[in-house]
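Some notes on the structure that comes next.
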Amino acid sequence: MTQRVVFLDRDSLKAKVRKPSCATDYIEFAKTSVEEIVPRLKDATVAIINKVPLRADTLKQLPKLKMIAVAATGYDVVDVPYCKEHGIAVANIRNYAIHTVPEHTFALILALRRNILAYRQDVEKGVWQKSDQFCFFTHDIGDLHGSTLGIIGEGAIGQGTAAIGRAFGMRVLFADHAPPKAEGVTFTPLEQVLAQSDVISLHMPLTATTRNLIDMSAFRKMKRNALLVNTARGGLVDEAALIQALDEGLIAGAGFDVLTVEPPRDGHPLLDVRRPNFILTPHVAWASDGAMQFLADQLIDNIEAWCAGKPQHLVS
């Protein structure tokens, strides 16, 4: 069978991508606007996407499309119910970020708990040079050892984050929905995790039930010294509530790698939060060189497995 494979947003992946062995035609576009989707996929049987949305109104115009290979774990850009109803296979990437995202998570946690940005700003302003002793103590420094790490979401990335936390000597609590997917995981009710955790880290997909999971009510349940870290999906947190929580001192700080709108444009409220207890990175927690190459290889493996009649990593 002729397989025309089209990659709509190739520039979103900084890795070598091999041509699928089953592809009779393979075309890459650096990026694709919404208006360009249908013309570019008109004759495609397989679409490769990362963040290009494929909704029902678009998919209805693509009768030849038989598979969507998502170059990410999250697949909320795809209308999965429509694909299930119309026999379009959807495959995502599994377990590629089990090291890179937890490491980025702890980079944010350590920078916040030890007030690294604030101390760096002091040095840049000449505070150290004016000190009458060898150091100075303008900001609190906390240890992770002996503190409690609350993880919401206990998939592979949540488990990887927990492993690092335990290595630091942290007590780990998981908040998720029973029954557990991972062996040996004991769940703690969400409200208890919010109330007891010194650090709360989000590692769950964005769905209708998880959108704005962390709202003002959740912030009011947290410890005043708590840190909130989100390296999962921007929509998990009510961003206006986050700003209010930081302004009111309801939490000690926050580290985010994701926003509800990406890339953010002028006027996004979190772009204006300029304080040392808030760190925003541009959705790069997943993007270590090794992780991206693993992703690129699995992406093509998923297509070749589907072509061979042995599909893997299907969500539809």
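The values are calculated or read from the model by the stated rules, or taken from the named source; none is laboratory data. Note that the structure is predicted; figures quoted are calculated from it, not measured. Reconstructed Cβ throughout: ideal geometry from the backbone, glycine too, with neighbour counts over all protein chains shown.
Is it the case that Glu239 is touching a Ser or Thr at 6+ places or on another chain (Cβ under 9 Å), free of Cβ contacts under 8 Å to residues at least 60 places away in the same chain, assigned by TED's automatic domain parsing to the domain that holds Ser197 and charged (D, E, K, R)? Give the derivation first.
Details: touching a Ser or Thr at 6+ places or on another chain (Cβ under 9 Å): yes; free of Cβ contacts under 8 Å to residues at least 60 places away in the same chain: yes; assigned by TED's automatic domain parsing to the domain that holds Ser197: yes; charged (D, E, K, R): yes.
So Glu239 passes the test.
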**Message:** Taking the condition of being over 19 Å from Leu110 (Cα atoms), under 20 Å from the mean Cα position of the chain (by Cα) and not in a loop (DSSP other than H, G, I, E, B), how many residues in the stretch 258-288 meet it?
**Reply:** 3
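Looking only at the stretch 128-157, which residues are β-branched (Val, Ile, Thr) and either farther than 19 Å from Ala232 by Cβ or outside the structural domain of Phe168 (by TED's automatic domain parsing) (or both)? I'd like the intermediate steps shown before the answer.
First, pick out the residues of the stretch 128-157 that are β-branched (Val, Ile, Thr): 138, 141, 148, 151-152, 157.
Hits for the stretch 128-157 are Thr138, Ile141, Thr148.
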**Request:** Tell me which of these Arg275 doesn't satisfy, since it passes every other one: (1) in contact (Cβ under 8 Å) with a residue 12 or more places away in the chain; (2) touching a Pro at 6+ places or on another chain (Cβ under 9 Å).
**Result:** (2)
**Complete:** Considering residues that are of a type in the set (Ser, Thr, Tyr) and in a helix (DSSP H, G or I), the number found within the stretch 111-135 is 1
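Would you mention how many residues in the stretch 51-65 are within 27 Å of the chain's Cα centre (by Cα) and modelled with pLDDT of 95 or more?
Step one: of the stretch 51-65, the residues within 27 Å of the chain's Cα centre (by Cα) are 51-59.
Those left that are additionally modelled with pLDDT of 95 or more: 52-59.
Result for the stretch 51-65: 8.
Quick check on the stretch 52-61: of everything there that is surrounded by 16 or more Cβ atoms within 10 Å (Cβ to Cβ) and touching a helix residue (DSSP H, G or I) at 6+ places or on another chain (Cβ under 6 Å), which residue is nearest to Glu304 (Cα to Cα)? Please lay out each step first, then the result.
Just the residues of the stretch 52-61 that are surrounded by 16 or more Cβ atoms within 10 Å (Cβ to Cβ), to begin with: 52, 54, 58-59.
If we keep only those that are touching a helix residue (DSSP H, G or I) at 6+ places or on another chain (Cβ under 6 Å) as well, we get 58-59.
On the way: Thr58: 25, Leu59: 22 Å.
Ranking the candidates gives Leu59 first.
Residue by residue, here is whether (1) assigned to a strand (DSSP E or B); (2) surrounded by fewer than 23 Cβ atoms within 10 Å (Cβ to Cβ); (3) over 15 Å from the mean Cα position of the chain (by Cα) holds:
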residue	(1), (2), (3)
Ala69	yes, no, yes
Gly74	no, yes, no
Tyr82	no, yes, yes
Gly87	no, yes, yes
Arg94	no, yes, no
Ala97	no, no, no
Pro102	no, no, no
Ile109	no, no, yes
**Request:** Say whether the condition of being without any contact (Cβ under 8 Å) to a residue 12 or more places away in the chain and in the same structural domain as Gly146 (by TED's automatic domain parsing) is met by at least one residue in the stretch 227-235.
**Result:** no
